[in-house]
Structure formats: structure tokens, C-alpha cells
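**Q** Quick one: this structure, given as C-alpha cells, is what I'll be asking you about.
The values are calculated or read from the model by the stated rules, or taken from the named source; none is laboratory data. Model, not experiment: these values are computed from the prediction. Positions of Cβ are backbone-derived with ideal geometry, glycine not excepted, and every protein chain shown enters the neighbour counts.
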Amino acid sequence: MINLISIICGRIFNRLLHFCLLFLVFHNCSAIDNSTITPTQAITDSQTLSSTGGVFKLGFFSPPNSTHRYIGIWYEFDPRTIVWVANRDNPLTDSTGTLRITDDGNLVVSDGRGVVFWTTDMSNISTPTNSVAELLDTGNFVLRLLTDVVWQSFDHPTNTLLPGMNIGGSIVTGKKLELTSWKSESDPSTGIFSAGPELSNANNPQLIIWRNGS
């Protein structure tokens, strides 16, 4: 009986040890210990950024029933809730993607061959070596030049309105920030519905939803 108990305990211990080793390997491969990207650091397909307070994560993901890869932001407590997608209309087809800051100071998503799938494409970065990207606890992903924000994901919303994000625009310039639906649950590309303010009457703006192209 003692030998049987010893054998059972040994097997349980070995399985627990195996599980712990797998967890440590996965944890080390998938997490980065800060919320920022610098010009000397890249995010690979198996890694994520975490906001300082642990509210949001940023990294590569695949929607349900899809093998395409996208850079997105989601709640840490609920990875299924994607609140922003960078390359929504231009997904990667493999897991060789990286998110990095290039020599000109911009954020770029590219694959293993160097093909660019998405970029911030800012031309006002005077000292690229000072560029830093940070994921904030608000869910905003910002690109800073020293202390100045030169680009932020809140200015490029997809289908989710987060606290602190403004959808609106200028009657003078006509530039609008609006939400646009996913094409489907498995496809975050630009869908057929949008939501935003009606700016024709500055004294009585209204939030409306419309079908694109109609």
C-alpha cells in the first residue's frame, strides 16, 4: 500500500512539475515586464505589453475561427474583448510579425520578410531616437517624442468607445473621428456600420449610426 501511494504521489508531483515548467516558459515568452516599447525593443507574435496598472494588454491576436494575426488591445481580465485593432484591414497570415519603432521614429507592424502591414506614418518626428510607445491604463496606445504625444490610438478608433476617448470632429476641417463596426465576429476589417456625431448643427449635435455607402 505504501509503495502504491508513493507511486501515485510521484506521478502527481511529476505532472505538477511539468505543468509549472510549461507555465513558466509560456509566461516568460508571452509577457514583457513594462508598458513601453523603445527603439531598441520589439514586440514579437508571442509577446504582449501590459499597461502599468494591469488594466489592458497589447499584442498579436487571432479572432475566433481565424488564423489571421492582428495587433490589438484588450482587457487583461477578458482577452475576448478587443477594444482596438491596428492593422484591421491588412492582417498577417503567419506568426512572424513584430511591432517595433523604426529608424524614423514610427511604429510599424511587419512580417518576417520585412513587409509592412501597418504604420503610424508620422512625418513630424524630429528626433526619432527619442520615440517611446506606451500602453496606458485608459486603453490608449501613445507614441511620444520625449514628453509630447505625436500619435495616439484614441485618434484612430475602431469599433469601441472607451472612457476618455472623444468621437467628434471639426465643422471647419470636416475631419471626423468615428466608430466603425467589424465586418464579422471573425473579421475585424472595416464593417458596414459607423457611429459618430452629426456636425451640421453645431448648437445641437447628435450621435447617429449609419450604414456606410448609403
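**Q** Could you count how many residues in segment 138-148 are part of a loop (DSSP other than H, G, I, E, B), at pLDDT 90 or above and of a type in the set (Val, Ile, Thr)?
**A** 1
**Q** Return the residues of segment 77-104 that are under 10 Å from the mean Cα position of the chain (by Cα) and either loosely packed, with under 13 Cβ neighbours inside 10 Å or β-branched (Val, Ile, Thr) (or both); say none if nothing qualifies.
**A** Those that are under 10 Å from the mean Cα position of the chain (by Cα) and either loosely packed, with under 13 Cβ neighbours inside 10 Å or β-branched (Val, Ile, Thr) (or both): ILE82, VAL83, VAL85.
**Q** Scanning for something in a strand (DSSP E or B), farther than 22 Å from PHE56 by Cα and of a type in the set (Ser, Thr, Tyr), does segment 149-170 turn up at least one residue?
**A** no
**Q** May I pose another question? So, in segment 55-71, how many residues would count as being under 18 Å from TRP182 (Cα atoms) and part of a strand (DSSP E or B)?
**A** The number of residues fulfilling the criteria is 5.
**Q** Can you find, within segment 111-148, the residue that is surrounded by the most Cβ atoms within 10 Å (Cβ to Cβ) among those that are in contact (Cβ under 8 Å) with a residue 24 or more places away in the chain and among the β-branched types (Val, Ile, Thr)?
**A** THR120
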